[in-house]
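Notes follow the structure.
The values are calculated or read from the model by the stated rules, or taken from the named source; none is laboratory data. Note that the structure is a prediction, hence the values are computed from the model and not measured. Cβ atoms come from the backbone with ideal geometry, glycine included; neighbour counts cover every protein chain shown.
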Amino acid sequence: MTQFLVNGVPRQVAADPDTPLLYVLRNELGLMGARFGCGLGLCGACFVHVDGVSVPSCDTPVWSLEGKSVVTVEGLTPHPVQQAFLDEQAAQCGFCVTGIVMTAAALLERDPHPDETAVATALDRHLCRCGAQQRMIRAVVQAGRPQEASDG
Amino acid sequence: MAELPKSLAANPVVGRWIQVGADGTIAVRVGKVELGQGIVTALAQIAADELGVGIAAVRMLPAGPAGPDEGLTAGSMSIMDSGTAVRIAAANVRELFAAAAGKADFSYAEWAARVDLDVPADPDVPLRQTHELVGTDVPRFDLPDKVYGRPRYIQDMRLPGQLFGRAIKPPSPGARLLSVEPALPGGVTLVREGSFLGVIGADEAGVVRAAETVRRAARWAEHDTLPDEDELDKFLRAGPHETIMVADDGEEPPGGSTVRATYSRPFVAHASMAPSCGVAVWRADDQVDVWSHSQGVFLLGRAIAGALRLDPAGVRVEHAENAGCYGHNAADDAAFDAVLLARAVPGTPVQVLWSRQDELAWAPFGSAMTADVSATLTAEGRLSSWQYDVYSQGHTARPGYAGVPGLFSATLLDPPADYPAAVDPPAAAGAGSTRNALPGYDLPRRRITGHRLIESPIRSSAMRALGAFLNVFAIESFMDEAALAAGLDPLEFRLAHLGDPRGRRVLETAAEAADWGRPRPEGVGLGLGYARYKGRGAYCAVVAEVEAENEVRLRRLHIAVDVGQVVNPDGVRNQLEGGATQAASWTLVERVRFDRRHVTSDTWESYPILRFSQTPAVDVTVIDSREKSVGAGEAAQGPTPAAIGNAVAAAIGVRVRDLPLTTEAIVAAIERG
């Protein structure tokens, strides 16, 4: 039995300790916002925060989470970066977006007003096949503009 | 009496398209599907305008058995096919309500119970001449769910009692299963039919582990079937071929200087962000319900019925969204895998998700292509003949093509289904290998021929723009080479051969946006690419700006596009930005890799695509037009690689004719001189 917080709620997970977190989130806890894209931690579609760091949930085994705090996109919502994505219509198929939102939110914690280069660098672990990258970069920069950052 | 548009003629009952609820909510069911391109929102705008309601009153329902059959969502045809049909269907609804109410100003809710919509559409219904929503940036309906992480995709479906399934692919094309005796844990069921292998269970992670156990335990008969990946030119030319005559003006080339060159691209993968997924429930009496992200749910249903010898009326397929779709990927295959596994557990829903590795290795590819261009130039710098030969595999092997199921796992059953080499869509549907092989320029003495391989061990099918990507790359690269030979500026040279005013306008607009003609610093180059998609769709010109020092960096794309009347301007810009960025990725980094037996590019490490920091800034100018609306999704695919290739040549003075434009390809081109 592994114990950890998910979106602030204590959870006891009975799954095999080697089970990737992604399956626990989606199938046991009903949190579908992290998506399965590759299962190898290479595409970014399944990213969640573990103790504030954006990581792939598809290759994070549950045993490694003992005592830690997991935040998924459901726990983050609503976040200014999501509103910025909607304002910029910064998506096409949207499949990569929740993972990107998680990494962007973590970036904004570290660096509240990133420029385009900082955003692109932070998002380089994420793939987008539809070609919406430039809109997403604009959206994250927008979310970090001082006048936008005060409201939620 | 006017004729009904194609989609409406095939599905003439108004109520199949539109239903009005007692609360006044209007449900619209189209046969086109959301692939990440925003089509559903654009069609809702058209419907709402014609119904005379706000956008919030319209609900868009998924394509499926209850709605119209509109064939495929492909080829940038949805606004043309479905848009015209939805408009007339909606106008019919408005007229029927107005007639019942006896006035033009009525409430849909009040009259919903009293108006019968199960009547044939009247093609002569009056259409509204003013629009409130068409031409405006209505936000996409589907994005809030996607941004907030709500269940929306097919992999998020959880039907009551649903089990998880995985299909285990053979180790290599043509392999046949000899034996398999895996030691599986309790709760996991093995399904074997011929060489098809699958596992089913309630615990998804356990099913994934069991699939790996089965893969390791299976013994196969395998042999080398694939060509040499470094000799694709030879492979494509070897034949046998079908010859496709596109144009033959029947005149011999005159004297003058001759320019000739050969261009190529490798096989390219769809590489959608989500692997393919299917859900199926096997019902009593050999009926089956299927959910799929297929581009053609009705075609898929008929193909499943054909493969399993079922009554087609008993195979019901409803569309469910998945990640972006750029052509015939493995969606249909995954749906069929779900059906095969569901048949083993009647009455229980089974969801099958492909692995990333299978998605990159086993989904159909966009074909490798190679093209020879030669032309003569007059002393005045005008092209006086044009000869073009393109070699390619076919560009469609969709479900039901060539009279076969076209479903991968059907080839593993006993007896195996035939899966012949891909064919090409007919010229009326925009052709395949020869799509855009006919240049849009005013050229005399043309001889343009396609050569489609009619046998191949590599599965190819439709991928965004089909042959237009390589054909426009070849034609537009060649236009620059010919301009250089003539000593003329590439823009002037193009305009001298282009009478079509809409074509000239996009070229001039993109060039002006990029400040064409202004000298650039050393190592920076601009390049042009232009085409009218399929020769009758959107006009698009692209100017690429690259910086070439140690490696090529694509800094910016300036795009001008004329898609006729625009339904959703931001939707058009988004499609052009995305299409151009994806085409840039194909151009710069993508290549399917294989040895003589296996596809080896089966992860994001071995099949890289452009990353955030590599993507160019993209500026799109949408030309204001009252012409007939045409699709936007594929317009930039051809002009973009040409613009990039021409910009690289401008930046470093070396012409790279073989894609992708990697550092190695550039070094090889420099070494060849």
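Residues being in a loop (DSSP other than H, G, I, E, B) and touching a helix residue (DSSP H, G or I) at 6+ places or on another chain (Cβ under 7 Å): count how many of those fall in the stretch B:143-167.
Residues that pass the stated criteria total 2.
For the stretch B:653-665, give me the residue count where each residue is touching a residue at least 24 places away in the same chain (Cβ under 8 Å) and out of contact with any strand residue (DSSP E or B) (no Cβ under 7 Å at 6 or more places or on another chain).
4
Suppose we filter the stretch B:136-167 for residues that are among the β-branched types (Val, Ile, Thr) and facing chain A (nearest Cβ under 8 Å); how many remain?
Residues in the stretch B:136-167 being among the β-branched types (Val, Ile, Thr) and facing chain A (nearest Cβ under 8 Å): 1 in total.
Within the stretch B:175-187, can one find any residue that is within 34 Å of the chain's Cα centre (by Cα) and among the acidic types (Asp, Glu)? Give the derivation first.
Kept after step one, since they are within 34 Å of the chain's Cα centre (by Cα), are these residues of the stretch B:175-187: B:175-177.
Filter once more, keeping what is among the acidic types (Asp, Glu): none.
The answer is no, given that none of the residues of the stretch B:175-187 is within 34 Å of the chain's Cα centre (by Cα) and among the acidic types (Asp, Glu).
When the stretch B:405-448 is examined, which residues are found to be of a type in the set (Asp, Glu) and surrounded by 23 or more Cβ atoms within 10 Å (Cβ to Cβ)? Give the derivation first.
Just the residues of the stretch B:405-448 that are of a type in the set (Asp, Glu), to begin with: B:414, B:418, B:424, B:442.
Of everything in the stretch B:405-448, just one residue is of a type in the set (Asp, Glu) and surrounded by 23 or more Cβ atoms within 10 Å (Cβ to Cβ), namely B:Asp424.
Is it the case that some residue within the stretch B:192-212 is among the hydrophobic types (A, V, I, L, M, F, W, C), under 27 Å from B:Ala669 (Cα atoms) and part of a strand (DSSP E or B)?
no
Out of B:Ala636, B:Ala649, report the one residue that is small (Gly, Ala, Ser) and in contact with a Cys (Cβ under 6 Å, 6 or more places away or on another chain).
After applying the criteria, what remains is B:Ala636.
Looking at this structure, is B:Gln19 polar (S, T, N, Q) and under 20 Å from B:Ala112 (Cβ atoms)?
On the way: polar (S, T, N, Q): yes; under 20 Å from B:Ala112 (Cβ atoms): yes.
In short, yes.
Quick check on this structure: which one of B:Ile79, B:Ile88, B:Ile39 is of a type in the set (Val, Ile, Thr), within 30 Å of the chain's Cα centre (by Cα) and more than 22 Å from B:Tyr533 (Cα to Cα)?
Going through B:Ile79, B:Ile88, B:Ile39 in turn, just one is of a type in the set (Val, Ile, Thr), within 30 Å of the chain's Cα centre (by Cα) and more than 22 Å from B:Tyr533 (Cα to Cα): B:Ile88.
Does the stretch B:295-314 include one or more residues that are surrounded by 24 or more Cβ atoms within 10 Å (Cβ to Cβ), within 14 Å of another protein chain (Cβ to nearest Cβ) and either under 18 Å from B:Gly71 (Cβ atoms) or not aliphatic (A, V, I, L, M) (or both)?
Taking every residue of the stretch B:295-314 in turn, at least one turns out to be surrounded by 24 or more Cβ atoms within 10 Å (Cβ to Cβ), within 14 Å of another protein chain (Cβ to nearest Cβ) and either under 18 Å from B:Gly71 (Cβ atoms) or not aliphatic (A, V, I, L, M) (or both).
Residues of the stretch A:82-101 being closer than 23 Å to A:Cys38 by Cβ and part of a helix (DSSP H, G or I), which ones?
Hits for the stretch A:82-101 are A:Phe85, A:Val97, A:Thr98, A:Gly99, A:Ile100, A:Val101.
For the subset of the stretch B:255-284 comprising residues that are among the basic types (Lys, Arg) and surrounded by fewer than 24 Cβ atoms within 10 Å (Cβ to Cβ), which member is nearest to the chain's Cα centre (by Cα)?
Among them, the one singled out is B:Arg260.
With respect to A:Ala104, determine if the residue is of a type in the set (Gly, Ala, Ser) and assigned to a helix (DSSP H, G or I).
For A:Ala104, the condition - of a type in the set (Gly, Ala, Ser) and assigned to a helix (DSSP H, G or I) - is met.
Just name the residue that is nearest to B:Met369 (Cα to Cα) out of those in the stretch B:592-612 that are under 23 Å from the mean Cα position of the chain (by Cα) and polar (S, T, N, Q).
B:Ser601
Would you mention how many residues in the stretch B:331-369 are within 14 Å of another protein chain (Cβ to nearest Cβ) and either of a type outside the set (Ser, Thr, Tyr) or over 25 Å from B:Gln162 (Cα atoms) (or both)?
Summing the residues that are within 14 Å of another protein chain (Cβ to nearest Cβ) and either of a type outside the set (Ser, Thr, Tyr) or over 25 Å from B:Gln162 (Cα atoms) (or both) in the stretch B:331-369 gives 14.
Quick check on the stretch A:77-133: of everything there that is at the interface with chain B (Cβ under 9 Å from one of its Cβ atoms) and among the small types (Gly, Ala, Ser), which residue is farthest from B:Glu605 (Cα to Cα)?
Selected residue: A:Ala90.
Being of a type in the set (Asp, Glu), more than 22 Å from B:Glu627 (Cα to Cα) and touching a residue at least 60 places away in the same chain (Cβ under 8 Å) narrows it down to one of B:Asp124, B:Asp69, B:Asp105, so name that one.
None of the others qualify; the one that does is B:Asp69.
Go through the stretch B:263-294 and report how many residues are more than 28 Å from B:Leu236 (Cβ to Cβ), away from chain A (no Cβ under 14 Å) and touching a residue at least 60 places away in the same chain (Cβ under 8 Å).
So the answer is 10.
Give the number of residues within the stretch B:181-207 that are within 14 Å of another protein chain (Cβ to nearest Cβ) and buried (at least 16 other Cβ atoms within 10 Å of the Cβ).
Number of matching residues: 7.
Any residue that is among the charged types (D, E, K, R) and touching a strand residue (DSSP E or B) at 6+ places or on another chain (Cβ under 6 Å) - is there at least one of those in the stretch B:289-303?
So far as the stretch B:289-303 goes, yes, one or more of its residues are among the charged types (D, E, K, R) and touching a strand residue (DSSP E or B) at 6+ places or on another chain (Cβ under 6 Å).
I need a count of the residues in the stretch B:613-633 that are closer than 30 Å to A:Ala118 by Cβ and more than 24 Å from the chain's Cα centre (by Cα). Break it down into steps so the answer makes sense when it comes.
Restricting attention to the stretch B:613-633, the residues satisfying the condition of being closer than 30 Å to A:Ala118 by Cβ are B:613-621.
Filter once more, keeping what is more than 24 Å from the chain's Cα centre (by Cα): B:613.
Counting residues in the stretch B:613-633 that are closer than 30 Å to A:Ala118 by Cβ and more than 24 Å from the chain's Cα centre (by Cα) gives 1.
Pick from B:Thr587, B:Thr615, B:Thr603: which is crowded, with 19+ Cβ neighbours inside 10 Å and within 12 Å of another protein chain (Cβ to nearest Cβ)?
When all the criteria are applied, what remains is B:Thr615.
Any idea which of (1) buried (at least 19 other Cβ atoms within 10 Å of the Cβ); (2) modelled with pLDDT under 95 is the one B:Thr130 doesn't satisfy?
For B:Thr130, the failing item is (1).
Can you say whether B:Leu526 is within 14 Å of another protein chain (Cβ to nearest Cβ), over 25 Å from B:Val630 (Cα atoms) and aliphatic (A, V, I, L, M), as far as the supplied structure shows? Give the derivation first.
Working: within 14 Å of another protein chain (Cβ to nearest Cβ): no; over 25 Å from B:Val630 (Cα atoms): yes; aliphatic (A, V, I, L, M): yes.
Taking the combined requirement at face value, the residue does not satisfy it.
Of everything in the stretch A:17-42 that's more than 7 Å from every other protein chain (Cβ to nearest Cβ) and not in a loop (DSSP other than H, G, I, E, B), which residue is farthest from A:Phe95 (Cα to Cα)?
Selected residue: A:Glu28.
Only one residue in B:Ala63, B:Ala113 is exposed (fewer than 15 other Cβ atoms within 10 Å of the Cβ) and farther than 25 Å from B:Val563 by Cα, so which one is that?
Sole residue among the options that is exposed (fewer than 15 other Cβ atoms within 10 Å of the Cβ) and farther than 25 Å from B:Val563 by Cα: B:Ala113.
Can you find, within the stretch A:43-68, the residue that is farthest from the other protein chains (Cβ to nearest Cβ) among those that are more than 13 Å from the chain's Cα centre (by Cα) and in contact (Cβ under 8 Å) with a residue 40 or more places away in the chain?
Taking the stretch A:43-68 first, the residues more than 13 Å from the chain's Cα centre (by Cα) are A:59-68.
Checking the rest, the ones that are also in contact (Cβ under 8 Å) with a residue 40 or more places away in the chain come to A:60-63, A:65-68.
On the way: A:Thr60: 13, A:Pro61: 10, A:Val62: 10, A:Trp63: 13, A:Leu65: 15, A:Glu66: 18, A:Gly67: 22, A:Lys68: 19 Å.
Here the answer is A:Gly67.
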